[in-house]
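These notes are about the structure you will find just below.
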Amino acid sequence: MPIHLFDSLERKLKPLAPSRADGVFRFYNCGPTVYAPAHIGNFRTFVVNDVLRRLLELEFGADKVKHVRNLTDVDDRTIGQTQKEKRPLAEITKKWTDKFHADCDALNCLRPHAEPTATGYIKEQVNMIEVLMEKGNAYRAADGSVYFKIESFPGYGGLSRIKERELKITNTVADADHKDSVSDFALWKAYKPEEDGDVKWPGPRGASEGRPGWHIECSAMSKSLLGDTIDLHSGGVDLLFPHHENEIAQSECCNGTTFAHHWYHSEHLLVDGTTMSKSKGNYYTLTDLVEKGYSPMAVRYALLMGHPRKQLNFMLDSLHSAESALKTLKSFKDVLADPRNTVDGPEASSRFDRVFAALHDDMNTPAALGALFELRQEFLYPTATSAKPTKADVAALDRALWAFGLDVEGTVLFVPAAITALAAQRWAAKQAKDFATADALRKELTAAGWSMLDSKTDYKLEPLKK
Ligand code: AMP
Ligand code: ZN
């Protein structure tokens, strides 16, 4: 079965296929805004898109997929951060880009084939804005900014189904931004020294110097690297409106053709049943979780435990289940990979087809993981008539694990250095029969969220169930 994915524009499941004769599948995924560390909600979106990238490669061939994911390194939030920290924009965005890359690597996400930055594509954005102005889809406002005139694009609202009255299309409003209509959106923002510091570029013809609006960034980077029409555009559900609606308007008016054949939006992650926020104390970065003793692979697993198009309620407990699921999968792999357990058989295995059938059915990751555990049961606890595992089954399990991006070998717990040191001191105290000190150190470990399991010759650290 080809990969079927829900298309947010047509509101139905549609098969994915390259649209051009070269057979290359063109995939654009909106990337992070690099002004702070990405949180695990962001990583839900990126991990889901990584599984999608892997499925596309398995389906069309690794050399027939072109995956672009941008870095938003200039927008209101990045500029706001430079003002707050009084440091140059490039310094801040580099710091958070590096962190994002390190986190993506830890989560075993494949690097996109191209990772353009918005600041690296200013000329292309300016060109697009000039075309939109020439075609009458955009206008210069009194302050030198440029706005997209949504009235000029009859298809506006097609993706989000936003009603015309909600858009408040009116020519009578002259608001503080000097727009013709309140719903028009900025393509180019005129330089404001008090807000923008030294962040500015020469503007489109007739406009002031300034910086691009956020939406045009993705339209220009997608056009430059993938062409006027792409096969798939994706992002988190919050990007559907206005970001993607605006991207369609700009790209289709500028290029005069369909922008994307398929739109995919994954749902948000909640923590403890509610939206994440620092004030609620339920806001986690990957580092926060690693410091609590969880492995990035367990985080990846937990992010795939729910259907990507449904909200996922994340709890620290999910990571305990994820760690144990990974251990189970590792033992499944070890048993299957042991040559003493396999027999000769056909070159291809169809026994794992049910895993891929679930993944190809709107990327139903929980059903696909369920199928994997069912197979484990069937392989490890065979009935008298069950077929024995073959080498092709071993390869099929590897392929399935690769599709999920689950590196089951790397599921070792990360233990913070301070905890390792405490444990070593306690072990030394116990060996020296200084039980009072050993008990006091155990209390410290417990308070820090760790239990120490002693055997005769060694000990093991485990995070306490929270
Ligand atoms: P940002 O860095 O804010 O531009 O967001 C990067 C990606 O993360 C976008 O695709 C967002 O839609 C997505 N995103 C933001 N918050 C969440 C969340 N709580 N759960 C899942 N995805 C999110
Ligand atoms: Zn985007």
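The values are calculated or read from the model by the stated rules, or taken from the named source; none is laboratory data. Just so you know, these numbers come straight off a predicted model, no measurement behind them. Here Cβ is always computed from backbone atoms with ideal geometry, including for glycine, and neighbour counts include all displayed protein chains. Keep in mind that these areas ignore ligands, DNA and RNA; they rest on the heavy atoms of the full protein, side chains included. Shrake-Rupley method; radii C 1.70, N 1.55, O 1.52, S 1.80 Å.
Quick notes on this one:
Table: residues versus (1) in contact (Cβ under 8 Å) with a residue 12 or more places away in the chain; (2) away from ligand 2 (no atom under 16 Å from the Cβ); (3) under 23 Å from A302 (Cβ atoms).
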position	(1), (2), (3)
S19	yes, yes, no
P37	yes, yes, yes
V51	yes, yes, yes
R69	yes, no, yes
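- Subset of the range 21-35 [in contact (Cβ under 8 Å) with a residue 24 or more places away in the chain and under 19 Å from H262 (Cα atoms)]: G23, V24, F25, R26, F27, Y28, N29, C30, G31
- Restricting the range 1-57 to residues that are open to solvent by 10 Å² or more (accessible area, probe 1.4 Å), of a type in the set (S, T, Y) and within 16 Å of ligand 1 (Cβ to nearest atom), the residue that is nearest to L225 (Cα to Cα) is T33.
- Helices (runs of 4 or more DSSP H) contained entirely in the range 55-155, each with at least 3 residues that are more than 19 Å from the chain's Cα centre (by Cα) and within 30 Å of A403 (Cα to Cα): none
- Neighbours by Cβ (under 8 Å, 6+ apart or cross-chain): first from the range 220-246, in the same structural domain as G23 (by TED's automatic domain parsing) and closer than 23 Å to K310 by Cβ; second of a type in the set (D, E) and assigned to a loop (DSSP other than H, G, I, E, B): G236/E267; V237/E267
- Qualifying residue in the range 165-174 (condition: modelled with pLDDT of 95 or more, part of a loop (DSSP other than H, G, I, E, B) and surrounded by 14 or more Cβ atoms within 10 Å (Cβ to Cβ)): no
- Answer residue from the range 217-233, given it is outside any strand (DSSP E or B) and under 19 Å from G157 (Cβ atoms) and is farthest from ligand 1 (Cβ to nearest atom) among those: S219
- Residue within the range 265-281 that is at pLDDT 95 or above and within 16 Å of ligand 2 (Cβ to nearest atom) present: yes
- Cβ separations smaller than 9 Å between residues 6+ apart or across chains give the following pairs from the range 403-422 residues that are within 30 Å of H360 (Cβ to Cβ) and open to solvent by 30 Å² or more (accessible area, probe 1.4 Å) to residues that are at pLDDT 90 or above and in a loop (DSSP other than H, G, I, E, B): D407/N108; G410/N108; G410/S295.
- Flag if S208 is small (G, A, S), within 16 Å of ligand 1 (Cβ to nearest atom) and open to solvent by less than 50 Å² (accessible area, probe 1.4 Å): no
- Tally, over the range 216-225, of residues that are open to solvent by 10 Å² or more (accessible area, probe 1.4 Å) and either among the small types (G, A, S) or touching a strand residue (DSSP E or B) at 6+ places or on another chain (Cβ under 8 Å) (or both): 2
- For beta carbons closer than 6 Å, sequence separation of 6+ or different chains, a first residue in the range 257-271 that is touching a residue at least 24 places away in the same chain (Cβ under 8 Å) and a second that is of a type in the set (F, W, Y), the qualifying pairs are L269/F314; V271/F314.
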